[in-house]
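Report on one structure; see the data block that follows.
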Amino acid sequence: MKTLFYLLLIVLLLIGGAVVTTVWLINPEQFKPLIIEQVKARTGRDLLMQGPIRFTLFPRLGLALEKVALTNPDGFPAGNTVAFSEASVDLALLPLLEHKVAAGRLKVSGARLSFITLADGRTNLDGLLGATEPAAVPEKGAQPTTEGDSAYQFSLARIDFTDGALSIDDHLTGKQWRLKDVTLQADALALGRPIPVSVGGEVQAKQGTVRLESQATLTLSPDLILLDKWQAKVAVTGDGISPLLQQMSLAGQLRYQPADKLLAWDSLELTAGPWRCQGELSLRQQAIPVVRFALRSPAFDTAWLAGKGDADVTSSAQGKAATEVPVQEPDLSGLQGLDLAGTLRLDSLQLGNLPFMQVELALNLQNGILDWQQLSASLFDGKVSAPGRLDSRQTPARLSLQPKVQGIAMAKLSKALLGKAPLSGQGQLEGRLTGEGLTPAALRRSLSGNLALQVTQGAVRGVDLPALLRQAKAGVKGLLGGSQDQGETAFSSLGAQALLTRGDVKVENIKMVSSLLQVAGAGRTHLVNESLDFKLDATVIGDLPGLGDLKMVTVPLRITGSWEQPKYSVELGRLLESRAKALLEQSLLPAGSRPKLGNPLKGLLGN
């Protein structure tokens, strides 16, 4: 037994001595020309090795390199695709006899990676990440092929990556990103084997700085890079950054298929402040990037973008919606270089003072034209749909909508939009609208199209037409209304049609019907100066207290002023004119067929 021990000890000493002798006698610098030549032959690129190559003996046999870089291929800007300041790796000797490369720890410091995408979709990583064509799908029942027995198996026990940096230049979109202070730690790195990894770094862009810390389980293979159980925390700083984006957490599964240039985010989970979102997202890198998504969220409030709570989103004292804040037109130039399609579902969407529920949106973006064939939601007891199109190829962008509203509570809607409720009832609205620009001010100036409104079982608040007629009958000619509550006029149905021409609104076929009154007329208003000019004819058809002698008499009314301070009056001049015309027509009829019109002022201003 003791003899066997001594024999083994002698063998190990001989092997160790041979290794030391080999390291002592062989100068690794002599391999530089061969390595550079082989890299050039296989990739067409130059490998720059400015630092020394040396063997290491302690604690294990290994290799160390300094100042190494791989240049960009022809047709790309001058510079390096990959470079590093220092790198070292140690190897186990005995596994080499079994055609196994068992590396211990790989340490890389000061690495720099430059990722460039040209306008035609080519990248400087093409040819370095595996096959350029999609892998063939094996036939059913076929056995996987394996390389010969001479093929080496590779494994890496640990990788330590410090002080790294990444630059991304996308000529397709004109965007640039910079990632610095990158760290990576991973254990037992081997192809096809899941390993835990942690990555951190800082991205610098023109808009601000993004700090990232993440953990995942990484699986590497020639045709797939998989990050499973991925979790990340993101902090964003910079001028104008929305508070919603300043602190975010991300989770899910990321996979990248080099042959297809496809990055997919499965089982997506995103948390940004109070917002939660789940779904799937994918990006295919090509001349026009292709984005597909299916997202869902329990709630979203546009106030979160400005960092405001619900209490801050209220109407002003003038009744304006709080969302009407002067803003610049958004830059939509990026939409012209994107192919996007997907769906978004929200259980609730707070848009200013409008609480939409069960929102469903289907988007499709091609050549700078954004279409949404489906945009539906519930709002104030009714249903809302507004399919449309946004053309970003011109500045300002052109918007077209086909709004349709069914069964909405008009009192709640007008209260949310205007800060008060001048109209109640159940409303139906349908039409076609076009506009230029996306800011409220631009849309008010440019909005054109047509709308049809029908309201049932409601009331016009702020004016009591029977009371107005009684005052006119008593000889009171003053103006009524203003911003004070003057009662209301109930109706069973109210309809109108509007023609919009660049902010000017011509309203026709106004018809309001109740069991006591009928009102018809037309008028104009304007979306910018909010002026009112309407002429209406009111006819008493029922038995109203104090207005019995005005039954079936048409009384002309006038509405002027503004949306905030409407003014109502009886037009006595038009009334006298119409009555005099009726008397004149009566006088031209044969005596036996003349209707009895009586005194034109009788019953209106007394006897």
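The values are calculated or read from the model by the stated rules, or taken from the named source; none is laboratory data. On a predicted model such as this, the values are computed, not experimentally measured, just so you know. A quick note on method: Cβ atoms are made from the backbone with ideal geometry, for glycine too, and the neighbour counts reach across all protein chains shown. Surface accessibility is based on the protein's heavy atoms, side chains included, excluding ligands, DNA and RNA. Shrake-Rupley method; radii C 1.70, N 1.55, O 1.52, S 1.80 Å.
Stretching LYS567 away from THR209 to a fully extended chain increases their span by 123.4 nm, per 0.36 nm per residue minus the current alpha-carbon distance.
Quote the charge dipole size of region 335-428 about the Cα centre in Debye, to the nearest 20; the model charges only the Cβ of Lys and Arg (+1) and of Asp and Glu (-1). Intermediate results must be reported in sequence, preceding the final value.
On the way: 9 positive and 6 negative charges, 71 e Å.
My answer is approximately 340 debye.
Note on GLU66: accessible area is roughly 50 Å² with a 1.4 Å probe, heavy atoms of protein only. Taking each residue as 0.36 nm, the span from ASN364 to GLU329 lengthens on full extension beyond its C-alpha to C-alpha distance by 10.4 nm.
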